[in-house]
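Right, one structure below, let's go through it.
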Amino acid sequence: MFRFAQSEYLLLLLIIPLLIIIYALLVMHKRQLLSKIGNVNLLSQLMPDASRKRGWFKITLVCLAIFCIVIAIARPQTGSRIKKEETGEGTEVMLILDVSNSMLAQDFKPTRLERAKLAISRLVDRLKNDRIGLIVFAGDAFVQLPITSDYVSAKIFLKSITPGIIPVQGTNISKAIDLALRSFSENSKKGRSIIIISDGEDHEEGVANAISEAVNQKVRIHTVGVGSAKGSPILLPNGNFLKDKNGDMVITRLNEAMLKTIAQKTEGIYFTATNADFGLTRIIENINEMEKKQLTKTTYDEYREWFVYFLLLSLIFIIGEIMILERKNKWLNSIDIFRSKKLQNKKP
């Protein structure tokens, strides 16, 4: 099957006949100007280097280049878009990852954030029929990855996460929970859970209301505490340690009380992460015991793109147009590959 992914751009092909008409009118106008000076055939003998054919050949190359560029923009494709749907039982899991500056502390190697990303990546490898979403938060929260069964994309999005992804610093867990509750699919109320990975240093209010809403929607919230109770300084990407307004070094400590409360009130699990065990294995086992719902997994076979080849052709035509001069080349004209035949036909 052949198709154009963006067929509306094919209308640009109308430029080609318009360009040919304009060039033909220019040639006619030039010929009329020459006729006012004298006989056109005589004048052409006085200008042996001039070539009408070369001009038409150059405009033909320009038209071919435009044709190829327009076809490339319209994205020619071959193949077929095959839609496959597989139905199975699974759960929906929203991962909430703290990306505040405190997650740059190095009491986990290399940092709390990088260790959390590694643990999430291993968790994704264990999923089968489940759907997963990813929310990042600091002083604000946003959906990094909507609920999906595309685990490859989940790992790609995970790699791109840095503290700078959220411009507003702080730790607003309540906003992240509210966003996660709104991000589940609406077709079922079963098999939904949230996993929060954070150091628990919440600087905003509203956590109690977020917990109450999660209980009402029967969504379990599991929490993983990342950090140490004794605390650790925060090494910023520029190589300096984070300091407060007074110039004192900021020490970030794990706030277990906050994370334990969230887990207990929503019938979830709290786990204190260590470098050896991040706790996600135990949490995912608990999630697998939940009542599951029917989930449909949709996959597609993509079309094959051909626009690159048309772009290469257009480049060849453009180079050819640039290299060909409108006037005849005297040096090339001096080369007569048929001279031997002329000498053979000469009478003695």
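Restrict the check to the stretch 166-173 and report whether at least one residue is assigned to a strand (DSSP E or B), of a type in the set (Val, Ile, Thr), in contact (Cβ under 8 Å) with a residue 40 or more places away in the chain and in the same structural domain as Gln264 (by TED's automatic domain parsing).
no
When you go through Gly247, Gly279 one by one, which is the residue that is more than 19 Å from Thr171 (Cβ to Cβ) and out of contact with any helix residue (DSSP H, G or I) (no Cβ under 9 Å at 6 or more places or on another chain)?
Among Gly247, Gly279, only Gly247 is more than 19 Å from Thr171 (Cβ to Cβ) and out of contact with any helix residue (DSSP H, G or I) (no Cβ under 9 Å at 6 or more places or on another chain).
Checking the structure you have, find out if any residue of the stretch 203-224 is hydroxyl-bearing (Ser, Thr, Tyr) and closer than 27 Å to Glu289 by Cβ.
Taking every residue of the stretch 203-224 in turn, at least one turns out to be hydroxyl-bearing (Ser, Thr, Tyr) and closer than 27 Å to Glu289 by Cβ.
Considering Ile173, Ile135, Ile195, which residue is buried (at least 16 other Cβ atoms within 10 Å of the Cβ), over 15 Å from Ala263 (Cβ atoms) and at pLDDT 85 or above?
After ruling out the rest, the residue left standing is Ile135.
Only one of (1) under 18 Å from the mean Cα position of the chain (by Cα); (2) closer than 21 Å to Phe108 by Cα fails for Val143. Which number is that?
It is condition (2) that Val143 fails.
Report, ordered by the first and then the second residue, all pairs with beta carbons closer than 8 Å, sequence separation of six or more or different chains, a first member in the stretch 147-158 that is in the same structural domain as Asn129 (by TED's automatic domain parsing) and under 15 Å from Ser185 (Cα atoms), and a second member that is part of a helix (DSSP H, G or I) and polar (S, T, N, Q).
So the pair list comes out as Ile147/Ser183.
Could you grab me the full set of residues in the stretch 267-278 that are touching a residue at least 60 places away in the same chain (Cβ under 8 Å) and surrounded by 14 or more Cβ atoms within 10 Å (Cβ to Cβ)?
Result: Gly268, Ala273, Phe278.
The values are calculated or read from the model by the stated rules, or taken from the named source; none is laboratory data. Just so you know, these numbers come straight off a predicted model, no measurement behind them. Every residue, glycine among them, receives a Cβ derived from its backbone with ideal geometry; neighbour counts consider all protein chains shown.
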